[in-house]
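The structure appears right after this line, and notes come after that.
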């Protein structure tokens, strides 16, 4: 409810008259500060505010991504993984409901033959499509589980340390590019240390970026 209330708070900061119409470019990220300010004044807990802000900043994602899909552009599983991580502790399912509330509130529209009848638009398909895709990828109500954990790296004979976080982050980036857990572990097989592990995964990432 709070996300639906706050989703366009960035518009006063970004709205300009361009090309004969009012435009509010990048109003989503601009809404973060006014959303935090308002919700703090209302007494909302910080951890709840963090989730609401994520929904505000991403509320156009389902519509934009669905339109890209309709045009034949490839929408990857990794895109949904990254979105789920940006939204946490909120979820992709939450985001679709905010988007649908936004789309459903763009009325009233007068029926041309019934001027006294209010006619809201048909439900936007972007929300349902986004939920369906996220559910298929297992990230509709949660962010993706880590592709690697510290115990995996210990099992490879690596010594625990701060480099583990960097290695795991690289593994996450690879997974979001379509590289499987098994392929990542195979790439790390036989590494002599954390530096070599990072080098191998970085090389794999660069190769996957070139192929993409």
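The values are calculated or read from the model by the stated rules, or taken from the named source; none is laboratory data. Please read all numbers here as calculations on a predicted model, not as lab measurements. Using ideal geometry, Cβ is built from the backbone for each residue, glycine included, and neighbour counts are taken over all protein chains shown.
When you look at residue 12, is it closer than 20 Å to residue 140 by Cβ and either outside any helix (DSSP H, G or I) or without any contact (Cβ under 8 Å) to a residue 60 or more places away in the chain (or both), yes or no? It would help to see each step written out before you state the result.
Values: closer than 20 Å to residue 140 by Cβ: no; either outside any helix (DSSP H, G or I) or without any contact (Cβ under 8 Å) to a residue 60 or more places away in the chain (or both): yes.
Criteria not met by residue 12.
Any idea which of 43, 78 is part of a helix (DSSP H, G or I) and either at pLDDT below 95 or more than 30 Å from residue 146 (Cα to Cα) (or both)? Talk me through it step by step, then tell me what you get.
Values: 43 fails: part of a helix (DSSP H, G or I).
None of the others qualify; the one that does is 78.
Any idea which of (1) within 25 Å of residue 51 (Cβ to Cβ); (2) modelled with pLDDT under 90; (3) assigned to a helix (DSSP H, G or I) is the one residue 208 doesn't satisfy?
Failed condition: (1).
Which number in (1) in a helix (DSSP H, G or I); (2) in contact with a helix residue (DSSP H, G or I) (Cβ under 8 Å, 6 or more places away or on another chain) marks the one condition that residue 33 misses?
Going through (1) in a helix (DSSP H, G or I); (2) in contact with a helix residue (DSSP H, G or I) (Cβ under 8 Å, 6 or more places away or on another chain) one by one, residue 33 breaks only (2).
Within the stretch 15-30, which residues are surrounded by 10 or more Cβ atoms within 10 Å (Cβ to Cβ) and in a loop (DSSP other than H, G, I, E, B)?
Within the stretch 15-30, 15, 24, 25, 26 qualify.
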